[in-house]
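First the structure, in the form of structure tokens, and then the observations on it.
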Amino acid sequence: MRRLVRMRWLAICIGAALVYSARTALDIRIPIAPIAGLLAFYALFNAATVQRLHGTWPRFWSRYWPVTERELLAQVFVDVAALSAVLYFTGGGINPFAACYLLLVLYASVALPARLAWTVAAACMLSYAVLHFVHVPLPLFDSAGTARNLNYFAHFNIYVALAALMAGYGVRLSEMRRLHLTRAQADAEKDARERYLVGLAALSAGTAHQMSTPLSTMAVVVGDLRGSDAPPADWKQSIEMLWGQIQICKRSLEAMAQGSDVERLGKLQSIPATQFVHDVAERFRALRPQVQLKLRCARMDEALMLSIDHTLPQALLNFLGNAADASPHSVELRAGLKDELRLAIQVLDRGPGIPPALRERIGKGLVTTKESGRGSGAGMLIACAAVERFGGTIHISDRHSGGTMVQIELPLFLARTQTTGENDERRGLRIA
């Protein structure tokens, strides 16, 4: 709106100068009174628009009242009407200055949405067509010479106005493009930083969850050793168990150190869906050897791939760990296709279940059914966030015969197995 106001002041000044030049230099007897009245009304309307932008008049418009697209369209229609009225008294459509309609169409195409810009263009074309039949003829004494001079004069001014307007809008659009690129780069860096932090939090929570079981086992063994006056008969087995649990903790910390690298954490890799399920099952069995995990994985095409990073296996391990804590004697992992490109993973246990009130809050806050000091629910919250980052969904329900079922659905995609020649042939067929 401010840019339109400035353009109007410039148009009023140029219009007054053109009227004076037509009377003196070109000796064209145009009607001064109606054109002067139109320019005066145009100036008063533009001054009222300035007051509207400053919020001083009218009173029911405040300074912070937004300028809507409809209001801007109405303002442009006033410009079309003013130009049409001036052209009506100066020869109508044959006046070379009728090309000024193009300035309004150019402004509308930049400042308004497409449908409103086309409305302005239609109004300009209709006004231009009507002015060929309804107008006041110009009183030209030397018809041929005066018309030629008027054409030269008008074309020169219109060219200057169009060049200035297009240059101004070109510079403005270039600045907006640079600003958009700068903001896009800043947003991309922010998203990458947030993905890294979320991934690091999920990796840390998963590592802590993995180390909780070995640490608990070591605490029990060391407590028994401290409580006995003499070394037990199976002390060597106890030492071997402690050594094995220490190695599990060491591997977990090494995996966390490797995965927390900025370049590796958050970097996606594609693996077959079947391999992903089996890898997670093997890692869980190594972490919880005392838990009997039942794995049921349906046959799936090796071309069905899954995009993962370090956080997704940690999330599934978190769900398996919670199931093992609820019922160590019965933990089941099932995997299969829900549809052609959707992997469904189910984690089932025979624990006491989750109350419906707590179940609705899972993934939205810290929720836990464990005793105080054994869990806070942070691992479950981060695991849900990791699954959702990959476009997955989580549904938790009760089993019919007791226990809980967690169903995780993840999107799949087909790996490209065609050779280069086959790709070229397919591309050629598509082009043909």
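Figures for the structure shown
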| item | result |
| --- | --- |
| Of all DSSP beta bridges in segment 229-338, antiparallel share, percent nearest 5 | 45 percent |
| Added length on full extension, which subtracts the Cα-Cα distance from 0.36 nm per residue, residue 43 to residue 78 | 11.4 nm |
| Inter-label distance for residue 29 and residue 339, nm, one decimal - labels placed 7 Å from Cα along Cα-to-Cβ | 8.0 nm |
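Just so you know, all these numbers are worked out from the coordinates, no wet-lab data involved. The structure presented is a predicted model; accordingly, all values stated were derived computationally and were not measured. FYI the Cβ positions are ideal-geometry reconstructions off the backbone, even for glycines, and counts take in every protein chain you see.
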